[in-house]
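Read through the structure below, which is laid out as structure tokens, and then see the notes.
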Amino acid sequence: MEYGALNLGLSLLGLAVLAVAALRRLHLPPILGYLLVGTLAGPRAFGWLPDTTLIHVLGEIGIAFLLFSIGLEFSLPRFWAMRRALLGLGGAQVLAGTVSGGLIAWAIGIPPAAALVVGGALAMSSTAIVVKQLTDQLELGAPHGRLALGVLLFQDLAAVPFLVAIPILAQGDGALATALGWALAKGVAALVLLLAVGRYLLRPLFHEVARSAELFTLGVLLVSLAAAWVTSALGLSLALGAFLAGMMLAESEYRHPIETDIRPFRDVLLGLFFVNVGMQLEPAALLPNLGWIALLTVGLVVGKGLAVAGLARLGGYAMADALRAGIVLGQGGEFGFALLVLALGRGLLDPGDSQPVLAAVLLSMLLAPLAVRYNEALARRLSPMPPAPAEEGLAQGIAEAVADTRGHVILCGYGRVGQALAGVLSEEGLPFVALDLDPQRVRQAWEDGEPVYYGDASHPRILAASGLEWARVLVVTFDDARATLKILHAARQLRPDLPILVRARDNAQLERLLAAGATEVVPETLEASLTLAAQLLLLLDQDPAQVGQRLARVRADRYRLLEPLYGEGAGQRRDV
């Protein structure tokens, strides 16, 4: 019995694990590992991996899952909050990059239709590398990080019409305008169909399958692949249907669990896609073109970086932020590879013409982690204006993120207590914004879609940026008395009327915290002793009703704000 697919799968997994593990030790993104595996182990190098249809199909499904995830992020509130960077800078960058790259490709002899695709591919940057690196460096909320995110989001959206247009451009007939118009009509039909399905079938479906984790995962796979099949059956790309399905579910209550369930499938299949991309490179054919590859790589990194920085400056952004955004975005990206590979597969792009472009995009992505990591140092050398202090940059990023938030609770600290309070607020449908200084905790919260931001709540600028002016309550969830006093002082300077709830370890700092402006202080030791006392009395067969009344009297005497819960007869109100 032959096990060709099993042998292929084992070879892919073994090589991928080794390459990705090695790159992780070097703090480089796994995408580069997959690309190197495809390049070195593919049929054009050592020949360990055959160029099979299976890898191509699974890679296309990986791109579809990536577009599905992007659709899940495409919520109208987020779009509106980032409209300036997304539509203004993002639109200008994609247009300028496509036109300039396309004209250069046409000038060196690539046919016009293929040159347009090459220009679009070179206009794309790597969302996977940039977002991950900025998140790890806690710069995604900084001004340059939000600029880069807006441009990347527009690039991801701009890839959709390119993916739709490439099969039509590849037909090479004279009725191109008619074909594009027909594709647009089919795209609108697919959107209307999926909107109707999303409105009347998707929510009931997920209400039903959410009862079982296994059913839920199967439902997510069914919806994403079925939507991709619909657009493919209409002669459009798989990715378009997946993107539209993600949009349908972006505003649903199942968005975050869907994203969590789809992520493992997306990452594995995207890995196969990048292996497939690496297979398209011919190391032997690259040697005669090293000069062109080097020139194209420098042009891509420097030219795109300067273009982004110049457009950002024209848009009114600070020089330092514009330069940092340009440095961060100066590379090729995964969607650039997707466009080039699709154009190769459809016969639109000649394999010989594609080799220097593929190699330059790959080299630029190899350089990208270093450029992103040292973007501030590079900007300081290039900019006549020094970058803004870290505190100011963080504050501006937080302010932009919470600009539309009103009547919320500010949680200072997102540890165990902060997360428990956030869970209660979410269940009650009450908005909140959390601040924390643990990078790992903030990163995990971002991945879970929670409004948690890196920042020191004791700084007035950070507190103001978190929407203190429009907040209903401020809660200090950690028990560091010194830091709490700083927060109280800063908050009272900005909002003397704001209710502030403070957590403390014991009664030692009680009066000092109250005098500093806390509306109420909750000592952990008191609550722990009350809980222990209640359990002890119940174990001693005391009447549960009497135990409850005893605890109610203690709490009402201790916490004046809780008196209405227990009644005036439960205890005497303590004046503060």
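Take the Cβ atoms of Leu95 and Leu13, set R0 to 35 Å, and the FRET efficiency comes out at 0.30. If the segment from Leu54 to His489 were pulled out straight at 0.36 nm per residue, it would be longer than the present Cα-Cα gap by 150.3 nm.
Working ranking of peptides 511-518, 222-229 by packing, defined as the average number of other Cβ atoms within 10 Å per residue, highest first, is 222-229, 511-518. Dipole orientation for the range 413-508: of the candidates Leu501, Phe432, Val442, Leu501 has the Cα lying most toward the positive pole (charges on Cβ; Lys, Arg +1; Asp, Glu -1). Taking packing as the residue-averaged number of other Cβ atoms within 10 angstrom, the listed peptides 402-413, 315-326, 486-497 run from highest to lowest as 315-326, 402-413, 486-497.
Convex hull of alpha carbon positions in the range 209-307: directionally averaged projected area 9.9 nm².
The GluC sites (Glu not before Pro) of the range 230-288 meeting both criteria, a DSSP state outside H, G, I, E and B (loop) and at most 15 other C-beta atoms within 10 angstrom of the site's C-beta, are Glu251, Glu253. Taken over the range 335-443, the percentage of Cα pairs per 10 Å bin, counting from 0 up to the bin with the maximum distance, is 11, 23, 19, 21, 19, 7. For the range 434-503, the relative contact order works out to 30 percent when only alpha carbon pairs closer than 8 Å and six or more residues apart are counted.
Computed over protein heavy atoms with a 1.4 Å probe, the accessible surface of the range 206-355 works out to 40 Å² per residue.
With distances taken between every two different alpha-carbon atoms, the range 432-476 has a Kirkwood hydrodynamic radius of 11.0 Å. Report note on the peptides 269-276, 458-465, 61-68, 372-379: ranked by the mean count of other C-beta atoms within 10 Å, highest first, their order is 61-68, 269-276, 458-465, 372-379. Stretched out straight at 0.36 nm per residue, the stretch from Asp448 to Leu286 would grow longer than its current Cα-Cα span by 54.1 nm.
Projected onto their three principal axes, the Cα atoms of the range 209-253 cover extents of 36, 20, 10 Å, largest first.
The values are calculated or read from the model by the stated rules, or taken from the named source; none is laboratory data. It should be emphasised that the depicted structure is a prediction, and the values quoted were computed from it without experimental measurement. With ideal geometry, Cβ positions are generated from the backbone for all residues, glycine too; neighbour counts draw on all protein chains shown. When the accessible area is computed, the model is the full protein with side chains, heavy atoms only, and any ligands, DNA or RNA have been set aside. Shrake-Rupley method; radii C 1.70, N 1.55, O 1.52, S 1.80 Å.
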